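In what follows, a structure is listed as structure tokens, so that the remarks can point back to it.
All of the numbers you see were taken from the coordinates with simple rules; none came from a lab. Predicted model, so just to flag it, every value in this text is computed and none were measured. For neighbour counting, all protein chains shown are included, and Cβ atoms are generated from backbone atoms with ideal geometry for every residue, glycine included.
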Amino acid sequence: MKMDVLALFPEIIAPALQTGILRRIQDADRFSINVYNLRDWATDKHKTVDDYPYGGGAGMILKPEPLFAAVAALNTESDAQIVYLTPQGTPLTQSLVEALSLESHLILICGRYKGIDERVRQKIVTTEISIGDYVLSGGEIAALVLIDAIGRVLPGALGDFESAHEDSFSQDLLDHPHYTRPAEYEGMKVPEVLLSGHHEKIKEWRHAEAIKRTAQRRPDLLQNLELTDEELALLQTSENKSSC
Ligand code: 9D3
């Protein structure tokens, strides 16, 4: 996967690329990413990248020329998906992350101010993505979210332990509770089953906790799943409806 990022504040993005999984997959040549300052494609002596909106109103708009020039310079094979991060985009999901991770070349455009000139969207943007219904001050942090999510699903990103650990159904559920030593902390005990060494029982307990927690906090996630009778029975007991 090759990725190019166009931003007015590249310094928000660059340091995060030198940490953890993102650093590892770049070192392993699984992922090649470069972050560019859109100002590098401004043509006047003041390096202007924005201008006033036609029709008036507050806020500035990113000019078309630097964006067209930057994408032309970076999309040399003409095979890149051009992704614009915008509150008006398709909400980001794990399946969209997985689909994008199969692309060979992504060019991310991070907006600032009121956004970009509409003609850039019409002519060169192929995909518009939002990371959720809240207001950020620009696209850089949204791009970082997308980069991080894509990076960790690329081949070789997760160690054997991490990838083997995920069993088939746990992917669509919230996590079960986790504990580490000590077995008792200030009177709070780790559930007995986890200390038992009984792997089948532990697996069942974790699955049950994941189902209950998902029902409690994110019932919308269960709508898409076909629950077994045993799983449905877990959700009937009244204690799950109030506590947790
Ligand atoms: C308050 C101004 N908004 C009027 C409807 C427009 C607006 C423009 C630009 C709001 C935020 C932004 C900057 N945000 C992004 O560039 C952005 C974003 C976001 O704010 N939320 C979720 N996903 C994304 S992706 C890019």
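Can you give the FRET efficiency for Arg152 and His46, using 1/(1 + (r/R0)^6), R0 = 51 Å, r = Cβ-Cβ distance, to the nearest 0.05? Could the numbers behind the result be given before it?
Values: r = 40 Å, r/R0 = 0.78.
Using R0 = 51 Å, I get an efficiency of 0.80.
Which one, Asn37, Asn75, Asn224, has the greatest fluctuation when you compute a Gaussian network model over the chain with C-alpha springs under 10 angstrom?
The residue that fluctuates most here is Asn224.
Output ³J(HN,Hα) for the stretch 187-202: one whole-Hz value per residue in order, computed from phi by the Karplus curve 6.51 cos²θ - 1.76 cosθ + 1.60 with θ = phi - 60°, and x for Gly and Pro.
Along the stretch 187-202, the couplings run x, 8, 9, 6, x, 3, 4, 6, 8, 6, x, 8, 4, 5, 4, 5 Hz.
Where does each of 108-121, 176-189, 134-147 land if you order them by average Cβ count within 10 Å, highest first?
Those peptides, ordered most packed to least, come out 108-121, 134-147, 176-189.
Just to check I understand the Karplus step: with θ = phi - 60° and J = 6.51 cos²θ - 1.76 cosθ + 1.60, what whole-Hz values come out for the stretch 34-50, glycine and proline as x?
Here the 3J(HN,Hα) series is 10, 10, 10, 8, 3, 4, 4, 9, 6, 9, 8, 5, 8, 6, 6, 10, 10 Hz.
Short version: ³J(HN,Hα) in whole Hz for each residue of the stretch 52-60, in order, from phi by Karplus 6.51 cos²θ - 1.76 cosθ + 1.60 (θ = phi - 60°), x for Gly and Pro, what are they?
Whole-Hz 3J(HN,Hα) from phi for the stretch 52-60: 6, x, 4, x, x, x, 7, x, 10.
Taking a ≥ b ≥ c as the square roots of the eigenvalues of the Cα gyration tensor of the chain, is the shape rounded (a/c under 1.5), prolate (a/b larger than b/c) or oblate?
Judged from the Cα gyration tensor, the chain comes out prolate (a/c at least 1.5, a/b above b/c).
Kindly express, to the nearest 10 degrees and within the range 0 to 90, the angle between helix 140-151's C-alpha long axis and the longest C-alpha principal axis of the chain.
50
How high is the relative contact order of the chain, given as a whole-number percent (alpha carbon pairs under 8 Å, six or more residues apart)?
Normalised by residue count, the contact order of the chain is 19 percent.
Obtain the nm distance between the two label points defined at Gln216 and Arg24 by a simple spin-label model: each point lies 7 Å from its Cα along the Cα-to-C-beta direction.
Label-label distance for Gln216 and Arg24, simple model: 3.1 nm.
Can you tell me how much longer the chain between Ala233 and Ala69 gets when fully stretched, taken as 0.36 nm per residue apart minus their C-alpha distance, in nm with one decimal? Please list the in-between numbers first.
On the way: separation 164, 0.36 × 164 = 59.04 nm, distance 5.97 nm.
That works out to 53.1 nm of additional length.
Classify the stretch 55-155 as rounded, prolate or oblate from the Cα gyration tensor: take a ≥ b ≥ c as the square roots of its eigenvalues, call it rounded if a/c is under 1.5, otherwise prolate when a/b beats b/c and oblate if not. It would help to have the intermediate numbers written out before the result.
Details: a/c = 2.29, a/b = 1.27, b/c = 1.80.
Oblate is the answer for the stretch 55-155, as a/c is 1.5 or above yet b/c matches or exceeds a/b.
Helix 64-74 versus the longest principal axis of the chain: what angle, 0 to 90°, nearest 10, using Cα atoms?
That works out to roughly 70 degrees.
When the helix-only estimate is applied to the chain (DSSP H runs of n ≥ 4, each -39,500 (n - 2.57), divided by the residue count), what is the mean residue ellipticity at 222 nm, nearest 500 deg cm²/dmol?
Taken over the chain, the calculation gives -10000 deg cm²/dmol.
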